[in-house]
1. Choose one of Ile35, Leu46, Ala21: the residue whose Cα lies farthest towards the positive end of the charge dipole of the chain (beta-carbon charges +1 Lys, Arg; -1 Asp, Glu; about the Cα centre).
2. Per residue, how much accessible area does the chain show when a 1.4 Å probe rolls over the protein heavy atoms, in square angstrom?
3. At a 1.4 Å probe, what is the % contribution of carbon and sulfur to the accessible area of region 71-205?
4. Name the shape class, rounded, prolate or oblate, that the alpha-carbon gyration tensor gives for region 16-70, where a ≥ b ≥ c are the square roots of its eigenvalues, rounded holds for a/c under 1.5, and otherwise prolate holds if a/b is larger than b/c and oblate otherwise.
5. Counting other Cβ atoms within 10 Å, keep those with at most 16, restrict to DSSP loop, and tell me which chymotrypsin sites (Phe, Trp or Tyr not before Pro) in region 1-57 are left.
6. With only Lys, Arg, Asp and Glu charged, each at its Cβ (+1 for the first two, -1 for the last two), find how big the charge dipole of the chain is about the Cα centre; round to the nearest 20 debye.
7. Which of rounded, prolate or oblate describes region 15-134 when judged by the alpha-carbon gyration tensor and an a/c cut-off of 1.5?
8. Mean-square fluctuation check for the chain, GNM, Cα pairs under 10 Å: which of Ile73, Ile14, Ile34 is largest?
Amino acid sequence: MAEFKLLINGYARITKSGYRASSAVVLVRDSGKIILVDPGCNEVRLLASLKKEKIKPSDIDYIFLTHFHLDHILNIRLFPKTTILDVDTIYKGDRGVLYGTSTVALAKVDKKCVPGTKIEVIPTPGHAYEHGSLLMQTEKGKVAIAGDIFWWVDGEKQKLDYKSLVNKADPFVKNKKQLIASRKLLLKKADWIIPGHGETFEVKK
């Protein structure tokens, strides 16, 4: 089973000049691999959180990016030698492969799983066209790291009934129909969901 820890709870604060935001940052261990999901953009908090866990940036095997919005990805600059994953592609330096293929540089990987693990990579477009989420089996049940398929600004009430979750307004949505479909998919598959910004919540079946 996968083990995970929420290193940083995602936040999004509305200010007079826009947003002050950084994504949820999740540390995952599975099958001997250490995965960091969405390193965010708050460098000070990230490095302090890793130090508390006694993990150096070089210890991270993979960084998974749910999507490419800056509040989720800016801290990848702290991991110059780490293999980077998104929903479609695996990159190390300037060498990349698609899931399910192999090269000398990057070992063969299972289609749509984080390499060498049982963590499922799920396409979840809508908030962004390239959006993907992770689904993992844990002691708590199936946990989805959902990026911004679900997110709330600070102080906003998280309405957790099915209808409210599926239909929640997203001011940055790229494709509303896809977003609704992605939300329904995660609500069907997961027992718990870690949103990009806001509190982790249990899915009421």
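1. Ala21
2. Working: 10650 Å² over 205 residues.
Ligands and nucleic acids excluded, the result is 52 Å² per residue.
3. Ligands and nucleic acids excluded, carbon and sulfur reach 55 percent.
4. oblate
5. Loop-located and lightly packed - none at all.
6. Computed about the Cα centre, the dipole is about 300 debye.
7. Details: a/c = 1.89, a/b = 1.32, b/c = 1.44.
It is oblate, given that a/c is not under 1.5 and a/b is not larger than b/c.
8. Ile14
The values are calculated or read from the model by the stated rules, or taken from the named source; none is laboratory data. This is a predicted model, so every value here is computed, not measured. Glycine also receives a Cβ, built like all others from the backbone with ideal geometry; neighbour counts cover every protein chain displayed. Protein only, heavy atoms only, side chains kept; ligands, DNA and RNA dropped before computing areas. Shrake-Rupley method; radii C 1.70, N 1.55, O 1.52, S 1.80 Å.
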